[in-house]
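**Q** Got a structure here, written out as structure tokens. Questions coming.
Every number in this text was worked out from the coordinates using simple rules, so none of it is lab data. It should be emphasised that the depicted structure is a prediction, and the values quoted were computed from it without experimental measurement. Here the Cβ positions follow ideal geometry from the backbone for every residue, glycine too, while neighbour counts run over all protein chains shown.
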Ligand SMILES: CC(=O)N[C@H]1[C@@H](OP(=O)(O)OP(=O)(O)OC[C@H]2O[C@@H](n3ccc(=O)[nH]c3=O)[C@H](O)[C@@H]2O)O[C@H](CO)[C@H](O)[C@@H]1O
Ligand SMILES: [Mn+2]
């Protein structure tokens, strides 16, 4: 016992020594460190954004011309967004920009009531032509999950079936897409995909639809109106509606069958249109072409950053016009009285 108590002063000296040493080295080190920081830290900090058009490897492709391009169509909007037509872009370049990014494209498609009949051809042709080589997550909304056909998917492509109620009015089915898209983005898609396309189901793909279509906010020209004057577009013309566009305004007439972009941007579209559809409904107004009218109003004030030409939304009954060099996606011919609940 006495032996141990004689060690106390020694232990005290050793502990104080260690504390003193730690203090000196620490303050010296931190002051060196601070000096270092002062010299190496730049005074401006930059927000890091990935370069949207980055190419990850060297690649050979045709030299682009500054002087020659398509002269039969406009390939840029007045706000300098590209209008995508065949031969205005090089698919080799796009493939190399987008292929190695492990992107997932969400694709929403609704088949309520008899429209389930269109699902097989939609999925089968999408597997052949739509976003080939990309991860595609189909979100299939239907009132009849058991009737969703089994179609063989390529690796990286999956489906989720979401049950939705039926309706006695086709106008309501078409319009309610906005509400369901908004909700599904909030609950699932925001964590599961990078880009999204919302497409009509009464359609088929006939040619490649690839990464040239990707952009922040993407709209598509309706095949029925791209040659017409704005006064004859079927916009909603009653000022009481939130979709109202007067005769002397409007850029293009966009189709409701194709909208796309970054998931967050399409969420804004769906939320705004849903709110405006509800506001109108509370005043017993239904816009001329339901959600399509609201989309047109949205795109007039929130310009799309990319506009797809009617190659991306054609109609099978319509003869190909000279500027259409390919048809990528088209509405099939349908007997309205047969497929719609009210017609
Ligand atoms: C080419 C184009 O831009 N088409 C638009 C147009 O007519 P459409 O004649 O193309 O409308 P539509 O009958 O195809 O309805 C739009 C979509 O709603 C779904 N659906 C509709 C009815 C039904 O009973 N079950 C069902 O599932 C289905 O996904 C269909 O593709 O106007 C509609 C609004 O009124 C939509 O904006 C469409 O996208
Ligand atoms: Mn349709």
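**Q** For the chain, what is the calculated [θ] at 222 nm in deg cm²/dmol (nearest 500), taking -39500 (n - 2.57) for each run of four or more DSSP H residues and dividing by its residue count? If you can, show how the numbers build up before the last one.
**A** Details: 8 runs with 107 residues, N = 343.
That comes out to -10000 deg cm²/dmol.
**Q** Could you work out how far apart the two model spin labels at residue 238 and residue 67 are, taking each label as a point 7 Å from the Cα in the direction of the beta carbon, and quote it in nm?
**A** A separation of 5.7 nm, rounded to one decimal place.
**Q** Between residue 150 and residue 230, what length in nm is gained on full extension when 0.36 nm per residue of separation is reduced by their alpha carbon distance? The partial results should precede the final answer.
**A** Working: separation 80, 0.36 × 80 = 28.80 nm, distance 4.30 nm.
Difference between extended and current length: 24.5 nm.
**Q** If you don't mind, another one. Taking R0 as 45 Å, what FRET efficiency do you get between residue 88 and residue 159 from their Cβ-Cβ distance, rounded to the nearest 0.05? Provide the component values of the computation, followed by the final result.
**A** Values: r = 32 Å, r/R0 = 0.72.
For residue 88 and residue 159, the calculated efficiency is 0.90.
**Q** I would also like to ask the following. Taking 0.36 nm per residue of sequence separation and subtracting the Cα-Cα distance, how much length would be gained by fully extending the chain between residue 188 and residue 102, in nm to one decimal? Walk me through the numbers before you get to the answer.
**A** Working: separation 86, 0.36 × 86 = 30.96 nm, distance 1.82 nm.
Length difference between fully extended and current span is 29.1 nm.
**Q** For a quick check: sort 170, 79, 314 by the number of other beta carbons within 10 angstrom, fewest at the front. Let's see the in-between values first.
**A** On the way: 170 19, 79 10, 314 23.
Arranged by neighbour count, lowest to highest, 170, 79, 314 become 79, 170, 314.
**Q** What FRET efficiency comes out for the pair residue 120/residue 207, r = Cβ-Cβ distance, R0 = 25 Å, nearest 0.05?
**A** Numbers: r = 19 Å, r/R0 = 0.77.
That pair, residue 120 with residue 207, gives E of 0.85.
**Q** Compute the FRET efficiency between residue 321 and residue 47 as 1/(1 + (r/R0)^6), taking r as their Cβ-Cβ distance and R0 = 56 Å, and round to the nearest 0.05. If you can, show how the numbers build up before the last one.
**A** On the way: r = 45 Å, r/R0 = 0.80.
After rounding, the FRET efficiency stands at 0.80.
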